[in-house]
Amino acid sequence: MNLETDNKIQKKGITLVIPNPCGNIKETKMKNSGIEWIGEIPDDWEVSKIGQLYEERKTKVSDTVYPPLSVTMQGILPQLETAAKSDAHDDRKLVLKGDFAINSRSDRRGSCGISEFDGSVSLINTVLHPKTEMNPIYYNWLFHSFRFSDEYYKNGHGIVDDLWTTSWTEMKKIFIPLPPKETQQRIATYLDKKCSKIEETIQNQQQVIEKLKAYKQSLITEAVTGKVKIANGKVCGEYESYKDSGVEYLGKIPLDWNIKRLRYIGKCQNGISKGGEFFGSGYPFVSYGDVYNNLVLPETVSGLIESTHEEQKNYSVKAGDIFFTRTSETIEEVGFTSVCLKTIENATFAGFVIRVRPFTDELIPDYSKYYFSSDAHRRFFVKEMNLVTRASLSQDLLKRLPVLIPSKEKQKEIADYLDKKCKAIDTAIEQKQKLIVKLTEYKKSLIYECVTGKKEI
């Protein structure tokens, strides 16, 4: 992304202005650093091994004396109460204010930072403190650059391709740039300011996305519960007459709408349960993720299972079927739905899912996908479900779920309206997500080019 020449991003009425990252660029004589990941550097810069600038802090302490800290992509933070903890309270590394810590595992890429606290971290982290005068903020930015991360984990070791560990012995041999101290200060100050602005813009866009999602959810809920009248492809106030639904959280519903418990609409069935050796090959398999992540079940699912003809018959996936997530760690992830619009031949579905197969065609699938994704049934689950150690949706509870059923004509009218409105909202969300990706990539590029002197500050 080139923001030197194009400093404005125009997206659907939103203009983001990002100042020229380099100001007035001067002609700077460059030289080859001799280090592949660094490339060219200004003529007055040098390179140095990390071990010449930092030394490891290896002191072991207890988290009962030094509060536990977490090394995250957001820096070094007090450990959350919900974080997984070890019983080995004395097997921790000391971290003092001003120390730099980095997670040595490749699956924690980007987890590093300067500590603002005295505390302790897990042994998987490398803790460093400067052995010479430097600007630690400059090096904090350097260690967050994507090229350094690549180099850091490339020098690691391990038996699993995507899970490597880089020890201090390996890290200290890595060459890094060594700019003049005043240059370190300028770069640190510049990146603090510019990256803060970029992050602020990203957060603003994320907030807009959350508002759009909430707006979409409110549109769906109001339409499928009859709080607004849908006619001729738009909202036309309220319905002429209402009646008491008999359900507290639903309140009044249109006079000509019916309400039924799910047990009278369809048959519930839990999914197939088989050992791990049966997965990875064979026939289509609808997973928990397929249901949780999709309003409409994908026509082609990624999962495969070795299933028999009898299992495919008993756990089939047919057009009109409604699938509910059955179990999770929290109530918030239980009862999410996905509707099958097209039969998936020879498919079965997961045991962590409940299938509801309608007895009749009184529910149009395109309407079902919205009704069962609305806040209406979410309120029911939250109210009725008892959470012990793990949230689980039973068939008995699901069968008690109230379902509002307008006429088929009205169902189609509501579905067509929501299809149009939700598509527009989803498009706006997608555009903002793309913008966030571009800004994130720009930030990565900006950090690397600044900390290696390719852009003069």
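Things to note:
- Some residue of the range 200-221 being among the hydroxyl-bearing types (Ser, Thr, Tyr), buried (at least 16 other Cβ atoms within 10 Å of the Cβ), within 30 Å of Phe336 (Cβ to Cβ) and outside the structural domain of Val127 (by TED's automatic domain parsing): yes
- The range 369-410 - residue that is closer than 22 Å to Asn270 by Cβ and charged (D, E, K, R) and, of those, modelled with the lowest pLDDT: Arg390
- Given (1) assigned by TED's automatic domain parsing to the domain that holds Ile76; (2) crowded, with 19+ Cβ neighbours inside 10 Å; (3) on the phi < 0 side of the Ramachandran plot, index of the condition Gly113 fails: (3)
- Candidates are the residues of the range 410-457 that are under 30 Å from Gly34 (Cα atoms) and small (Gly, Ala, Ser); the one that is surrounded by the most Cβ atoms within 10 Å (Cβ to Cβ) is Gly453.
- Answer from Glu441, Glu362, Glu449, Glu430 - the residue that is more than 30 Å from Asp150 (Cβ to Cβ), out of contact with any Cys (no Cβ under 7 Å at 6 or more places or on another chain) and of a type outside the set (Val, Ile, Thr): Glu362
- Of the residues screened, Glu151 is not one that is in contact with a helix residue (DSSP H, G or I) (Cβ under 9 Å, 6 or more places away or on another chain), part of a helix (DSSP H, G or I), of a type in the set (Asp, Glu) and surrounded by 13 or more Cβ atoms within 10 Å (Cβ to Cβ).
- The criterion of being in contact with a strand residue (DSSP E or B) (Cβ under 6 Å, 6 or more places away or on another chain) and surrounded by fewer than 17 Cβ atoms within 10 Å (Cβ to Cβ) does not hold for Ser407.
- One residue from Gly271, Gly275 being under 30 Å from Gln312 (Cβ atoms) and either among the charged types (D, E, K, R) or surrounded by fewer than 14 Cβ atoms within 10 Å (Cβ to Cβ) (or both): Gly275
- Looking across the range 174-191, the residues that are surrounded by 13 or more Cβ atoms within 10 Å (Cβ to Cβ) and either of a type in the set (D, E, K, R) or in a helix (DSSP H, G or I) (or both) come down to Thr183, Gln184, Gln185, Arg186, Ile187, Ala188, Thr189, Tyr190, Leu191.
- Residues in the range 158-173 that are free of Cβ contacts under 8 Å to residues at least 60 places away in the same chain, assigned to a helix (DSSP H, G or I) and either surrounded by 13 or more Cβ atoms within 10 Å (Cβ to Cβ) or not assigned by TED's automatic domain parsing to the domain that holds Leu123 (or both): 1 in all.
- When residues of the range 317-331 are limited to those that are part of a loop (DSSP other than H, G, I, E, B) and touching a residue at least 60 places away in the same chain (Cβ under 8 Å), the one nearest to Val382 (Cα to Cα): Thr330
- Neighbours by Cβ (under 9 Å, 6+ apart or cross-chain): first from the range 438-457, not assigned by TED's automatic domain parsing to the domain that holds Lys193; second surrounded by fewer than 17 Cβ atoms within 10 Å (Cβ to Cβ) and of a type outside the set (A, V, I, L, M, F, W, C): none
- Candidates Ile102, Ile137: the one that is in contact with a helix residue (DSSP H, G or I) (Cβ under 8 Å, 6 or more places away or on another chain), assigned to a strand (DSSP E or B), under 22 Å from Pro177 (Cβ atoms) and modelled with pLDDT of 95 or more is Ile102.
The values are calculated or read from the model by the stated rules, or taken from the named source; none is laboratory data. Quantities reported herein were computed from a predicted structural model and do not represent experimental measurements. Cβ atoms come from the backbone with ideal geometry, glycine included; neighbour counts cover every protein chain shown.
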